[in-house]
Amino acid sequence: MVVKLTVEDKALLVQIPDLLATVGHLPIDSAVPVLNRAAYPDDDEASAEFQELVGSQLATDRAADLEILMELTGTTSTITADDAKSVLRAINAARLILAARSNVFDEGSGWESRISQDPALAAVAWLGSLQSDLIEALSE
């Protein structure tokens, strides 16, 4: 796949690793439970065990996804379908973080009406559009 990103697109995408690095480092971070959903919502012990077993692999996978995203913001303009899926996962994580911190999940529908007042929501919408384009390209 050929990916055409503007300078502005790249400037926003290069911020995603730093955004992901902030998760869990704020005193109260609404992104933590959204990004790290419990595998067994009704069983804290089983969820902790699951996290212990797969947590390091998930972190490794997320780092690999971010590496591919960063290559795309550099000089790379052609990616494989697997690379596109990695980019999708990285973008999705960023969207979840931004949406959670902007109370989208608490307030429900209608968040789009706040895009002009909240740059984070504008980023959520833009990342959603980019995701949609990638999904469309993958389905062709």
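When the stretch 65-104 is examined, which residues are found to be small (Gly, Ala, Ser) and farther than 14 Å from Ala21 by Cα? Break it down stepwise before answering.
Of the stretch 65-104, the ones small (Gly, Ala, Ser) are 74, 77, 81, 84, 86, 90, 93-94, 99-100, 102.
The answer is Gly74, Ser77, Ala81, Ala84, Ser86, Ala99, Ala100, Ser102.
Restricting attention to the stretch 5-13, does a residue exist that is closer than 15 Å to Leu127 by Cβ and loosely packed, with under 10 Cβ neighbours inside 10 Å?
Of all residues in the stretch 5-13, those closer than 15 Å to Leu127 by Cβ come to 5-6, 8-13.
Filter again for loosely packed, with under 10 Cβ neighbours inside 10 Å, leaving 6, 8.
Yes, the stretch 5-13 contains a residue that is closer than 15 Å to Leu127 by Cβ and loosely packed, with under 10 Cβ neighbours inside 10 Å.
Residues that are of a type in the set (S, T, N, Q) and either under 12 Å from the mean Cα position of the chain (by Cα) or in a helix (DSSP H, G or I) (or both): does the stretch 101-110 have at least one? Let's see the steps before the verdict.
Initially, the stretch 101-110 is screened for residues of a type in the set (S, T, N, Q), giving 102-103, 109.
Keeping just the survivors that are either under 12 Å from the mean Cα position of the chain (by Cα) or in a helix (DSSP H, G or I) (or both) gives none.
Checking the stretch 101-110: not a single residue is of a type in the set (S, T, N, Q) and either under 12 Å from the mean Cα position of the chain (by Cα) or in a helix (DSSP H, G or I) (or both).
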Among (1) over 20 Å from Gly128 (Cα atoms); (2) outside any loop (DSSP other than H, G, I, E, B), Leu69 falls short only on (1)
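With respect to Ser56, determine if the residue is farther than 30 Å from Glu140 by Cβ and in a helix (DSSP H, G or I).
Working: farther than 30 Å from Glu140 by Cβ: yes; in a helix (DSSP H, G or I): yes.
In short, yes.
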Tally time: how many residues in the stretch 68-112 are surrounded by 14 or more Cβ atoms within 10 Å (Cβ to Cβ) and acidic (Asp, Glu)?
2
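Whether any residue in the stretch 22-40 is assigned to a helix (DSSP H, G or I), out of contact with any Leu (no Cβ under 8 Å at 6 or more places or on another chain) and closer than 15 Å to Leu66 by Cα is what I want to check. Walk me through it before giving the result.
Here is the first cut: in the stretch 22-40, the residues assigned to a helix (DSSP H, G or I) are 31-35.
Right, trim to out of contact with any Leu (no Cβ under 8 Å at 6 or more places or on another chain) and you get 32-33.
If we keep only those that are closer than 15 Å to Leu66 by Cα too, we end up with none.
Taking every residue of the stretch 22-40 in turn, none turns out to be assigned to a helix (DSSP H, G or I), out of contact with any Leu (no Cβ under 8 Å at 6 or more places or on another chain) and closer than 15 Å to Leu66 by Cα.
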Suppose we keep only residues that are surrounded by fewer than 11 Cβ atoms within 10 Å (Cβ to Cβ) and among the hydrophobic types (A, V, I, L, M, F, W, C) within the stretch 14-62. Which one would you say is nearest to Leu127 (Cα to Cα)?
Ala21
Are there any pairs with C-beta distances below 9 angstrom linking a residue in the stretch 91-120 that is under 15 Å from Gln131 (Cβ atoms) to a residue that is modelled with pLDDT under 90 and assigned to a loop (DSSP other than H, G, I, E, B), with the two at least 6 apart or on different chains, and if so which?
none
Among the numbered criteria (1) in a helix (DSSP H, G or I); (2) without any contact (Cβ under 8 Å) to a residue 60 or more places away in the chain, which one does Leu12 miss?
(2)
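The values are calculated or read from the model by the stated rules, or taken from the named source; none is laboratory data. What you see is a predicted model, and the numbers here were worked out from it, not measured in a lab. Note that we place each Cβ from the backbone using ideal geometry, even for glycine, and neighbour counts take in every protein chain shown.
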